[in-house]
C-alpha cells in the first residue's frame, strides 16, 4: 500500500510540474505597418492573460523569426530567452522582430529613433490592444530600451503603452540618443527599471540609474529593482554577462511581473 501511495504521489508531482512548466504555444503573425512593410511578431497567449507585454530585444534587433517560429539570432538575449517565463506569469507576450524592410544588416541600428520605427511599434501596440482588454506594457532590454523609451516618450495611451519596463538600460551612447538623454520627465505612465549592480557594459553603468529615476518625476508609479550575483561570461555587453542577468532569469522575471501586475 505504501509503495502504491508513493507511486501515486510521484505521478501527481510529475503531472503538477508538467502543468507549471508547460510551454505556452507560440504563434507567428505578420502585421502590415507601413505601405509594403510587414512586421513579424511571435505571440504567446496564456489562459486569461492579466496584462500584455511587448518585448523589444537588444543588439541590432534582427531576430530573423522564421514562419515556423524558429529564432535565428538573439536566442540568448534576455527578453528573448525569458519570453516563456513572462507567459507563465500570466502575461500575453509579443516578441518583436525587425520589420520586413530591415531584415539585413544593419537591421535596427540607426532606425530605433525614426518615424518609421514609431509607426511600426504603434501598430503593434494597437494590434495587442485588440487581443486583450488588459494593460499593455512595452519592455526593452539593452539597445531595445532605446526603442521602448523613444516610443513611450512620443506616444500617449492608447496609441502608446500603458506602462514601460526597461532592463539593462542604455544610459550613455556616443552613437545615438541614450535613454537618459530622452525626455523621460514627460512620461505619465508607470515605469519599471531593472538593472544588475555589476553590469559591466560601459553604456549601462548602474551608478547612472539614479539619474534616470530622478528624471521620472512625473511617472505615477516608478521603481528601480536591482540585482546582484548570477553568472558573468564573455563580453560585458552580451546576454551571458551580468548585463543580461545571466543565471537570474526566474528572479528577474518574477519581480518584474509582480510589479507590473500590481494595482
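Just how many % of Cα pairs in the range 42-261 lie over 29 Å apart, if you round to the nearest whole percent?
On the way: 3796 of 24090 pairs.
Distances greater than 29 Å cover 16 percent of the Cα pairs.
As a footprinting exposure proxy, order 259, 137 by other Cβ within 10 Å, with the fewest listed first. Walk me through the intermediate numbers first.
Details: 259 16, 137 28.
The fewest-first ordering by Cβ neighbours comes to 259, 137.
If you consider only alpha-carbon coordinates, what radius of gyration and Dmax does the range 153-252 have, in Å?
13.9, 40
How would you rank 260, 182, 213, going from fewest to most other Cβ atoms within 10 Å of each one's own Cβ? Kindly include the intermediate steps, with their values, before the conclusion.
Numbers: 260 23, 182 20, 213 16.
By the 10 Å Cβ count, ascending, the order reads 213, 182, 260.
Say each of residue 175 and residue 197 gets a label point 7 Å from the Cα, pointing the same way as Cα to Cβ; how far apart are those two points in nm?
3.0
Given the options 41, 124, 29, which has the most mean-square fluctuation in a GNM of the chain, springs set between C-alpha atoms less than 10 angstrom apart?
Comparing 41, 124, 29 in a Gaussian network model of the chain, the most mobile one is 29.
Percent relative contact order of the range 47-150, based on C-alpha pairs within less than 8 angstrom and at least six residues apart?
Details: 159 pairs, mean separation 45.9, N = 104.
For the range 47-150, the relative contact order is 44 percent.
Under a plain spin-label model, where a point goes 7 Å from the Cα along Cα-to-Cβ, how far apart in nm are residue 224 and residue 116?
Result: 3.6 nm between the two label points.
Can you tell me the FRET efficiency between residue 255 and residue 205 if r is taken as the Cβ-Cβ distance and R0 is 22 Å, rounded to the nearest 0.05?
Details: r = 21 Å, r/R0 = 0.96.
It comes out at approximately 0.55.
Rg/Rh for the range 126-187 to two decimals, with Rh computed the Kirkwood way over all alpha-carbon pairs. Mind dumping the intermediate values first?
On the way: Rg = 12.1 Å, Rh = 12.0 Å.
Over the Cα atoms of the range 126-187, Rg/Rh equals 1.01.
Taking neighbour Cβ counts within 10 Å as the exposure measure, how do 122, 27 sort from fewest upward?
Values: 122 17, 27 11.
With the sparsest Cβ surroundings first, the list reads 27, 122.
May I ask you to derive the relative contact order of the chain, considering only C-alpha pairs under 8 Å and at least 6 residues apart, and to give it as an integer percent?
Numbers: 524 pairs, mean separation 40.6, N = 263.
It rounds to 15 percent for the chain.
No lab work stands behind these numbers, since they all come straight from the coordinates. What you see is a predicted model; the values in this text were computed from it and never measured. Please note: Cβ atoms are built from the backbone with ideal geometry, for glycine as well, and neighbour counts cover all protein chains shown.
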